[in-house]
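Chemist: Next up is a structure, given as C-alpha cells.
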Amino acid sequence: METESQLNSEIELEKLNVNHSQELYDLTEANRNYLSEWLPWLDQIKTSRDTKTFIESTVKVASSGGAPNYAVLYKGAICGVVGFHEINKQHRIGSIGYWLGEVFTGKGVMTAAVAKLLTVGFVQFDLNKIEIRCAEGNLRSRAIPERLGFTYEATLRQCEWLYSEYVNHAIYSMLKSEHLT
C-alpha cells in the first residue's frame, strides 16, 4: 500500500485540453457500465468527438475566468476527471464533481485529486465555500468529502433524474477557514 505522500506525488491535475480527448473517451468507454450507475451524462458521450466537444466547452469557460476542469493523472495516465461545475464569484462559492475509472478506485486517487482541487478553489479562486453533491446512495463518492473533513449539510430530495428514476443528493461543504486549519 502506498503512503499518502507517495500517492500525492503520483497524482497530477492537468487542465483539460483537446489533447486529452481520445484518452478520456477511451476511459469513458471502458467504464461505461460502471459509470452509468451514478452519472447521467453518459448518453451524451457516444463518440470521441462528443468528448472533444465537452472539453472544448470547458476550456472556453475556464479561459474566461470560469470553472476549470482537470484530467486526473495517476502515474502519468488519465484515470478520471475532477473539476468545478460552477463558481459563483459574487458569493465565492464553488461546486465540484468528479469521476474515476473503476480500476483506479479504492486507492485514494480521487481523495488526493479532490484535496488538490480544494487548494485551487480556496487559493487561486479565493472561494469561501466549496460544495460537493453526491447521489445519496453513492457511498463511494460520499466517502471522499467525508474523508476530507467536509460537513454534511442536507439532502435534496429527488433533484436528479438518473436514467429511470429520481435520486436524492447529499450536500457536503467546506469553508476556507476549515481548509486552512
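The values are calculated or read from the model by the stated rules, or taken from the named source; none is laboratory data. Nothing here was measured: the structure is a model prediction, and the numbers come from that model. Backbone-built Cβ (ideal geometry, glycine too); neighbour counts: all protein chains shown.
Chemist: Out of the residues in the range 53-69 that are touching a helix residue (DSSP H, G or I) at 6+ places or on another chain (Cβ under 7 Å) and buried (at least 18 other Cβ atoms within 10 Å of the Cβ), which is farthest from LEU27 (Cα to Cα)? Quick ask: steps written out before the conclusion?
Modeler: Initial filter on the range 53-69 (touching a helix residue (DSSP H, G or I) at 6+ places or on another chain (Cβ under 7 Å)): 55-56, 67-69.
So of that shortlist, the ones also buried (at least 18 other Cβ atoms within 10 Å of the Cβ) come out as 55, 67-69.
On the way: ILE55: 14, ALA67: 23, PRO68: 20, ASN69: 16 Å.
Per the stated criteria, the residue is ALA67.
Chemist: Given the structure, is PHE122 closer than 22 Å to GLY149 by Cα and part of a strand (DSSP E or B)?
Modeler: Details: closer than 22 Å to GLY149 by Cα: yes; part of a strand (DSSP E or B): no.
No.
Chemist: Given the options LEU73, LEU39, name the one that is part of a loop (DSSP other than H, G, I, E, B), closer than 30 Å to LYS176 by Cα and either of a type in the set (Val, Ile, Thr) or within 15 Å of the chain's Cα centre (by Cα) (or both).
Modeler: On the way: LEU73 fails: part of a loop (DSSP other than H, G, I, E, B).
After ruling out the rest, the residue left standing is LEU39.
Chemist: Considering the range 152-181 alone, what residues qualify as being loosely packed, with under 15 Cβ neighbours inside 10 Å and basic (Lys, Arg)?
Modeler: Once the filter is applied, which keeps residues that are loosely packed, with under 15 Cβ neighbours inside 10 Å and basic (Lys, Arg), the range 152-181 yields only ARG157.
Chemist: Hey, another quick one. Which residues, counting only those in the range 145-181, are assigned to a loop (DSSP other than H, G, I, E, B), among the polar types (S, T, N, Q) and modelled with pLDDT of 95 or more?
Modeler: none
Chemist: If you don't mind, another one. Out of the residues in the range 76-93 that are more than 12 Å from the chain's Cα centre (by Cα) and more than 14 Å from ILE11 (Cα to Cα), which is surrounded by the fewest Cβ atoms within 10 Å (Cβ to Cβ)? First the steps, then the outcome.
Modeler: Here is the first cut: in the range 76-93, the ones more than 12 Å from the chain's Cα centre (by Cα) are 76-78, 87-93.
Those still in the list that are more than 14 Å from ILE11 (Cα to Cα) too: 87-93.
Numbers: ILE87: 21, ASN88: 12, LYS89: 12, GLN90: 5, HIS91: 10, ARG92: 16, ILE93: 16.
Restricting to residues being more than 12 Å from the chain's Cα centre (by Cα) and more than 14 Å from ILE11 (Cα to Cα), the top hit is GLN90.
Chemist: Would you confirm whether or not the range 41-53 contains a residue that is on the phi < 0 side of the Ramachandran plot and in contact with a strand residue (DSSP E or B) (Cβ under 8 Å, 6 or more places away or on another chain)? Break it down into steps so the answer makes sense when it comes.
Modeler: Taking the range 41-53 and keeping what is on the phi < 0 side of the Ramachandran plot, we get 41-53.
Add one more test, that the residue is in contact with a strand residue (DSSP E or B) (Cβ under 8 Å, 6 or more places away or on another chain), and what stays is none.
Checking the range 41-53: not a single residue is on the phi < 0 side of the Ramachandran plot and in contact with a strand residue (DSSP E or B) (Cβ under 8 Å, 6 or more places away or on another chain).
Chemist: Looking at VAL72, VAL120, VAL114 in this structure, which one is touching a residue at least 60 places away in the same chain (Cβ under 8 Å), out of contact with any Gly (no Cβ under 6 Å at 6 or more places or on another chain), of a type in the set (A, V, I, L, M) and surrounded by 16 or more Cβ atoms within 10 Å (Cβ to Cβ)? Give the steps one after another, and end with the answer.
Modeler: Working: VAL72 fails: out of contact with any Gly (no Cβ under 6 Å at 6 or more places or on another chain); VAL114 fails: touching a residue at least 60 places away in the same chain (Cβ under 8 Å).
The unique qualifying residue is VAL120.
Chemist: Do you know which residues across the range 24-52 are surrounded by fewer than 16 Cβ atoms within 10 Å (Cβ to Cβ) and over 28 Å from GLU165 (Cβ atoms)?
Modeler: Those that are surrounded by fewer than 16 Cβ atoms within 10 Å (Cβ to Cβ) and over 28 Å from GLU165 (Cβ atoms): ASP26, ARG49.
Chemist: If ARG142 satisfies all but one of (1) modelled with pLDDT of 95 or more; (2) out of contact with any Cys (no Cβ under 6 Å at 6 or more places or on another chain); (3) among the basic types (Lys, Arg), what's the number of the condition it fails?
Modeler: (2)
Chemist: With the checklist (1) over 16 Å from HIS169 (Cα atoms); (2) at pLDDT below 95 in hand, flag the one item LEU73 doesn't pass.
Modeler: Failed condition: (2).
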